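Okay, structure first, notes after.
The values are calculated or read from the model by the stated rules, or taken from the named source; none is laboratory data. Quick caveat: nothing in here was measured; it's all calculated off a predicted structure. Cβ placement follows ideal geometry from the backbone for every residue including glycine, while neighbour counts extend to all protein chains displayed. Surface areas here come from the heavy atoms of the whole protein model, side chains and all, with no ligands, DNA or RNA. Shrake-Rupley method; radii C 1.70, N 1.55, O 1.52, S 1.80 Å.
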Amino acid sequence: KQQVGGDFDNQEYRGVSPHYTAESGAGIVHTHTGGTMPLFNTFATHKTYIDPHTYEDPHQAIRQFAKELDPRYITIEAIIGGGEFGDVCRGRLSQPERQDMLVAIKTLKPGSSDKARSDFLTEASIMGQFEHPNVIFLQGVVTKATPVMIITEYMENGSLDTFLRANDGKFQVMQLVGMMRGIAYGMQYLAEMSYVHRDLAARNVLVNSQLVCKIADFGLSRFFQQDISHAAGMTGQIGTPGWTAPEVFKFASYDHKVDVYSAGVVLLEMLYPVATQMERVGMLSALQQQQQLPAGL
Ligand code: 30K
């Protein structure tokens, strides 16, 4: 129940902008598109994501997209969670000429295979291409020393699913809406980068002390090609049942809209944080059948 780095009960969340905007006024009225631009810009006037797997040498991708940090600038302070490849720690990054900052440090278990190492670093090659207030920011990597590390933003309130369950009923509707908007902004940015997340879920969203939500977990994804019928690489891995859009299982092919579906499931997770996944799946099938939530919800 205790939050590292912040006593939730004593914090004043009212009026805090739950996500970054230039004009963070009150209310939820405007967005920056002004309603004249399509949400998904099909003319690539912006940067698009490059799949690190298109590099023959994965080291080249990591050199291009991630900054190599000197391990002497990094202090590990505590283990905050487990990852697929090793511990996730809280620590400090003290670079010369820069202010010290708290960071999250993903470590690769010593003795991991070359394949595990390159899968581990793939996430950094992806994250390093993104820069958005609602997407977890990559500070850099340590690849020239052991343990191999990925250094990212520290998020004081941890994963959204745990955070919501621990604080059930304590949020104002506007705080929840603000958090949802942040997730939507982050996902909009990823879609504009032609990136399909494929495993969006509340457990893969992180929350900082200001209640800003940021998207994390970029391992699963593959490059979204315009013509999905030729995207053989996209038929392999799939997301988590209960969060994944039905077309992924039905047709084994998909585009960025699958993330919109998962974002809808995340909204349900936020409205019913203690409901089990089974209950939500039940809700979703009820929704599909009768176009409305079952009685009592
Ligand atoms: O501060 C944190 N920054 C992070 C950056 C954290 C986690 C990740 N990646 C994980 C995201 C969730 N995913 C689940 C499948 C695994 C990879 C990137 C992060 C965490 C954190 C660490 C491990 C798992 C989940 C979240 C964090 N946990 C905290 C717990 C915390 N920060 C601050 C307080 C806290 O108190 C309970």
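Within the range 42-86, the set of residues being without any contact (Cβ under 8 Å) to a residue 24 or more places away in the chain, of a type in the set (Asp, Glu) and open to solvent by 70 Å² or more (accessible area, probe 1.4 Å) comprises 56, 77.
When the residues of the range 176-209 are filtered to those that are β-branched (Val, Ile, Thr) and closer than 17 Å to residue 157 by Cβ, the one that is farthest from the ligand (Cβ to nearest atom) is 183.
Tell me whether the range 171-180 contains one or more residues that are part of a strand (DSSP E or B) and either within 30 Å of residue 62 (Cβ to Cβ) or open to solvent by 10 Å² or more (accessible area, probe 1.4 Å) (or both).
Taking every residue of the range 171-180 in turn, none turns out to be part of a strand (DSSP E or B) and either within 30 Å of residue 62 (Cβ to Cβ) or open to solvent by 10 Å² or more (accessible area, probe 1.4 Å) (or both).
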